[in-house]
Amino acid sequence: MNSELKKRYEARAEILKAMAHASRLCVLDELAKGERCVCELTDLIGADTSTVSRHLSVLRNAGLVVSDKRGNQVFYKLKCSCIDPFFNCIESVIKENSE
C-alpha cells in the first residue's frame, strides 16, 4: 500500500475511533436533528458536563462537529451532513444481521 493510501485509511480510522462510543453516537444522532447546547446534550446522555465536554472534544478533534460559544453556553452542530445517511447504512447492516 502506498503512503498516500495509508494516510487516507489512517484518517478514516481516526474518525471511526472518535465515533466508536455509544454516547458519542447518541450526540451525533441528536446533532443530525440540529444545533444543541452542551446542557441539552448533558440531559440527553445523562452524564455530567465534563464527561459530555470530553466526548464533544473528541468529536471536534476528529472534524465531525463544530462549536460556537455564546455567552456562557457552547453550542455544537455537525460539520458535515453525511452522518445521517451513514447511520442509515449502519441500521441496514444491523437489520440484515438480525434476520
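Rule-based calculations on the coordinates, nothing more; no lab input. Values in this document were obtained by computation on a predicted structure and should not be read as measured data. Counting neighbours? That spans all protein chains shown, and the Cβs are built from the backbone with ideal geometry, glycine included.
Computed quantities for the displayed model
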{"item": "Contacts under 9 angstrom Cβ, first residue in segment 82-99 being free of Cβ contacts under 8 Å to residues at least 12 places away in the same chain and within 14 Å of D29 (Cβ to Cβ), partner loosely packed, with under 10 Cβ neighbours inside 10 Å and basic (K, R), 6 or more apart", "result": "none"}
{"item": "Complete set of residues in segment 1-42 that are exposed (fewer than 15 other Cβ atoms within 10 Å of the Cβ), in a loop (DSSP other than H, G, I, E, B) and among the hydrophobic types (A, V, I, L, M, F, W, C)", "result": "M1, A20"}
{"item": "Residue in segment 79-87 that is out of contact with any Asp or Glu (no Cβ under 8 Å at 6 or more places or on another chain), under 24 Å from A13 (Cβ atoms), in a strand (DSSP E or B) and of a type in the set (S, T, N, Q) present", "result": "no"}
{"item": "Check on T51, of a type in the set (S, T, Y), buried (at least 16 other Cβ atoms within 10 Å of the Cβ) and in a helix (DSSP H, G or I)", "result": "no"}
{"item": "Subset of segment 54-89 [surrounded by 13 or more Cβ atoms within 10 Å (Cβ to Cβ), among the hydroxyl-bearing types (S, T, Y) and either out of contact with any strand residue (DSSP E or B) (no Cβ under 7 Å at 6 or more places or on another chain) or within 20 Å of L16 (Cβ to Cβ) (or both)]", "result": "S57, Y76"}
